[in-house]
Each structure stands twice: as structure tokens, then as C-alpha cells.
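For reference, the structure is listed below as C-alpha cells.
The values are calculated or read from the model by the stated rules, or taken from the named source; none is laboratory data. What you see is a predicted model; the values in this text were computed from it and never measured. Counting neighbours? That spans all protein chains shown, and the Cβs are built from the backbone with ideal geometry, glycine included.
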Amino acid sequence: MTDGNDARAASLRRALADALERSGDLHSPQWRRSVERVPRHLFVPEFFRRTETSDRGTLWAPISSGRDPEQWLDLAYRDETLVTQLDRHITPHDVTEPVGGDPTSSSTLPGLVVRMLEDLDVADGMSVLEVGTGSGYSSALMCDRLGDDRVTSIEVDPAVAAGAAAALRRAGFAPGLVVGDGLDGVPERAPYDRVIATCAVRRVPRPWLDQVRAGGRILVTVTGWLRGYGLAVLEMGDDGVAEGRFLPGTISFMIARSQAPPTIGDDQWNAVFGALAEVGPRPAVVGPGIRKDWTGVFVAQLALPTTQEQVIRIDGGPWTTYYLDTATESAASLTPEPDGGWAVRQSGPVRLWDKLEAAVVRWREAGSPPQERFRIRTDGHAQTVWLDAGDGSLSWDLTV
């Protein structure tokens, strides 16, 4: 970049820090200094930007410093998530026109990165394990704040890891970088005072607990296969058990690849459609619209942690929401009724919608409390989430 562009990038970083302070994501002078010093544009030399939705689904346009340097630099310092990979292998370098695909790697919006770093509550001299290096931007912020030798970052995708390593070198940072499954942690560099994950997990893995000092902190987004999310902060106890709470806000990350839902083939779905067609309906107490409620779908997912959904229209019939629990081969469907209600059909050993309705109704009877009223405890094997209502009446055992 030219000197003029360097000055412009510095100005954009100051403007970004100002914006993050106004939004409440940034409030400590130490992290503000890092935001002003770390050149995010070096970590996103190219990325995709959502352009339109077509009959092929969402299309993503490649953006890079070579194609449009002015637009690229401005976008690099916006408080936006920048998608850097589609379908686990397509990068902006590979295409010249908008393409379809599912995001599989990204540089998270700076506001969320900084908010999570603030929630991590680090102090000088602490060591941090970052699970999910991604672009390397958050690694660089932590290196700037704590020092290279206090930061370890692990990335499962070798190509993503290589890009992050190159960007970190360009920016002048040298954390400990590892390619591997982040759910295993990095035991050779343990113990850590803090663990921060930029992927979501269904289960907090035991290796993290083994590698965090007593009194240490784990910050991770907990999810499931119904795509409900909650950012949790857990404190590590002396007994090998971590316990904590969910934080406010609507935060989501891509699920860790080793905990992602299994693919359900067409034959398996067709079997579900056929089995449910033979079952008599009942009126639904809770409709599929629960998935539009941030905490509501989180509660539904606590009840059905291994269930996936699909919305489909068969032979010109009504749009129907199907649910399949791959652990028990139980299924349910919800079909719209002429009066505006929903008809439920269920098959298999577990009545899925009965379980979901019981959980959601109890949550609503408690006043539909937000996620920050929920707590979590895990020893890396047994994992429990409960509503902090005082009577223990809303609790879910998520042991798998």
C-alpha cells in the first residue's frame, strides 16, 4: 500500500474504534489501542460480499484489493463479517463473478470480536487459547494486547490456517499457530488462563477443561442442530467442572466441523415423509414459528439436541416443516391448517413435538426469560443447561 493508503487505513481504524465505543462493544483503553494498531485489511486481502438471491440461492461477489482497492479498503474497516471461503474450498481468488455456496470461513465482524475479547476479561501476563484462527485478525488483536508468546491459536482448515499465518507475518505478529481439530485444544502449550472459541459447539469438549487453569475462563457459543445459539462464559473450578452463564445478545458462529449434523440423504427423508403420511394429526400448541424467536429456538433445541429440520412442499401440497432426530429415528411434521393453526404428526419411539412443546410451554409460563437467565455446567462429558429460576424446574441434560 502507498503512504497515502496507510494514512487512510489508520484513519479508518480510528473511525472503527469510535464506532465500536458508541455501540458499547469496546470500552477498555487497552483493546481500543489494539483496534487502532492492528491493520485488519492485511487479514482480508480478498473476501466475498453477499450480492443477491437468485433461483440458485444467495450469490457472493468476490472483492479484493486488486479489483477495486477503494471499495476493498472501506469494506475491510466496516463492522461487518467478511466471508472468506465457500463450501470449504472456494476462495475469492478462484472466481471472477458472483457464485453460490455456503460460507465455511469468515473474518467475524470487529464489533463481535472486540465484545468477546472484552468478555474474556484478560489481564497482562495471561495466556490464551483461541479455537478457530480464521483470518487471524482476532489473533493479532490478542498478540498486540498480551504479546505473541501468550497467544496460541488452532485452525482445522489447512488452507485457512496458511492464509492466517501469512497475514500475521505481514502484520508483524507471531503467535503459536497449530493446524488441527480445535476441540482437542493444544495440550503442549497448556495450561491456559483463557479459552475463546470462534466456532460454535454442541458440547464443551473435555480437553479444554483439562487445559484451563482452575479459576480460568472459557468463552464459547453453544449451539445445536436446530441452529439456536447462546454465548456462554464458564469459570473453571478446582474439581474439573466448569460452570457459567449465557450472555445477552444474538451471536452465532459456524459449528465446529466435528460436531456438525450428519447429512440426511433423500432416501432417509423420503422414509420420514412416508411414515408421517400414515399418522393421524393433532393440533399444535407450539408452531414452527418458534424458530424465529431467538431464545425460543434455543429452548426448543435444548429439548431436541440431535434433531434437524427441513421445510418442503411435496406434490404441490402445503409447505410443511419436518423434523428428524437422527439419534432415535423419531420424526415429526407440522402442516398449516386452514384456520391458521398447525397440525402435528409424529412417528418413532420419541414424540419429538411433545418434548419441544413441554419445554417451550414451561419457558413461556416462567415469563419467557432471556438467555442471560440460563446457566450451564459441564465436566466435558455430562453437560447441563438450566433456567436460573430458583426451583430447578427447567433443566436439560445434554449428555451424549
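Checking the condition in contact (Cβ under 8 Å) with a residue 24 or more places away in the chain and either among the basic types (K, R) or closer than 19 Å to G163 by Cα (or both), which residue from S34, S64 passes? Give the derivation first.
Working: S34 fails: either among the basic types (K, R) or closer than 19 Å to G163 by Cα (or both).
Of S34, S64, the one residue that is in contact (Cβ under 8 Å) with a residue 24 or more places away in the chain and either among the basic types (K, R) or closer than 19 Å to G163 by Cα (or both) is S64.
Need a quick list: strands (runs of 3 or more DSSP E) entirely within the stretch 75-133 having at least 1 residues that are at pLDDT below 95 and out of contact with any Ser or Thr (no Cβ under 7 Å at 6 or more places or on another chain).
Values: elements: 82-86, 103-107, 128-131.
Where strands (runs of 3 or more DSSP E) fall fully within the stretch 75-133 and carry at least 1 residues being at pLDDT below 95 and out of contact with any Ser or Thr (no Cβ under 7 Å at 6 or more places or on another chain), they are 103-107.
Of all residues in the stretch 273-297, how many are modelled with pLDDT of 95 or more, outside any loop (DSSP other than H, G, I, E, B) and touching a helix residue (DSSP H, G or I) at 6+ places or on another chain (Cβ under 6 Å)? The number of residues fulfilling the criteria is 4. Of the residues contained in the stretch 190-201, one or more are found to be touching a helix residue (DSSP H, G or I) at 6+ places or on another chain (Cβ under 7 Å), surrounded by fewer than 18 Cβ atoms within 10 Å (Cβ to Cβ) and in the same structural domain as I251 (by TED's automatic domain parsing).
Every condition in (1) modelled with pLDDT of 95 or more; (2) of a type outside the set (A, V, I, L, M); (3) closer than 27 Å to Y77 by Cα is met by G185 except one, and the failing one is (3). For first residues located in the stretch 358-382 and outside the structural domain of R245 (by TED's automatic domain parsing), partners that are polar (S, T, N, Q) and lie 6+ apart or on another chain with Cβ distances below 6 Å form the pairs P370/T295; Q371/T295; R377/T384; A382/T399. Under the condition of being farther than 19 Å from V38 by Cα and buried (at least 17 other Cβ atoms within 10 Å of the Cβ), the residues counted in the stretch 61-72 number 3. Please determine, by comparing only the residues of the stretch 347-400 that are β-branched (V, I, T) and closer than 23 Å to R203 by Cβ, which one is modelled with the lowest pLDDT. By that ranking, first place goes to V400. Inspect all residues belonging to the stretch 9-17 and state whether any of them is at pLDDT 95 or above, of a type in the set (D, E, K, R) and part of a helix (DSSP H, G or I). Yes - at least one qualifying residue is present in the stretch 9-17.
Residues are listed down the side, and each one gets a yes or a no for (1) over 23 Å from S138 (Cβ atoms); (2) part of a helix (DSSP H, G or I):
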| site | (1), (2) |
| --- | --- |
| V195 | no, no |
| L209 | no, yes |
| L219 | no, no |
| L226 | yes, no |
| L231 | no, no |
| E235 | no, no |
| E243 | yes, no |
| P248 | no, no |
| T263 | yes, no |
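Considering the stretch 73-108, the residues that are aliphatic (A, V, I, L, M) and touching a Gly at 6+ places or on another chain (Cβ under 8 Å) include one that is surrounded by the most Cβ atoms within 10 Å (Cβ to Cβ), namely L86.
Exactly one residue out of T295, T320, T307 is free of Cβ contacts under 8 Å to residues at least 60 places away in the same chain and hydroxyl-bearing (S, T, Y): that is T320.
Determine whether G249 is at pLDDT 95 or above, under 21 Å from the mean Cα position of the chain (by Cα), surrounded by 14 or more Cβ atoms within 10 Å (Cβ to Cβ) and within 19 Å of F374 (Cβ to Cβ). Talk me through it step by step, then tell me what you get.
On the way: at pLDDT 95 or above: no; under 21 Å from the mean Cα position of the chain (by Cα): yes; surrounded by 14 or more Cβ atoms within 10 Å (Cβ to Cβ): yes; within 19 Å of F374 (Cβ to Cβ): yes.
In short, no.
For the stretch 343-381, name all the residues that are among the hydrophobic types (A, V, I, L, M, F, W, C) and not in a strand (DSSP E or B).
Looking only at the stretch 343-381, we keep the residues that are among the hydrophobic types (A, V, I, L, M, F, W, C), and these are 343-344, 350, 352-353, 356, 358-361, 363, 366, 374, 376.
Of everything in the stretch 343-381, those that are among the hydrophobic types (A, V, I, L, M, F, W, C) and not in a strand (DSSP E or B) turn out to be V350, L352, W353, L356, A358, A359, V360, V361, W363, A366.
Quick check on I218: is it at pLDDT below 95 and aliphatic (A, V, I, L, M)? Judged against the criteria, I218 is not a match. Got at least one residue in the stretch 339-355 being free of Cβ contacts under 8 Å to residues at least 60 places away in the same chain, in contact with a Phe, Trp or Tyr (Cβ under 6 Å, 6 or more places away or on another chain) and surrounded by fewer than 22 Cβ atoms within 10 Å (Cβ to Cβ)? Looking for residues that are free of Cβ contacts under 8 Å to residues at least 60 places away in the same chain, in contact with a Phe, Trp or Tyr (Cβ under 6 Å, 6 or more places away or on another chain) and surrounded by fewer than 22 Cβ atoms within 10 Å (Cβ to Cβ), one finds none in the stretch 339-355, hence no.
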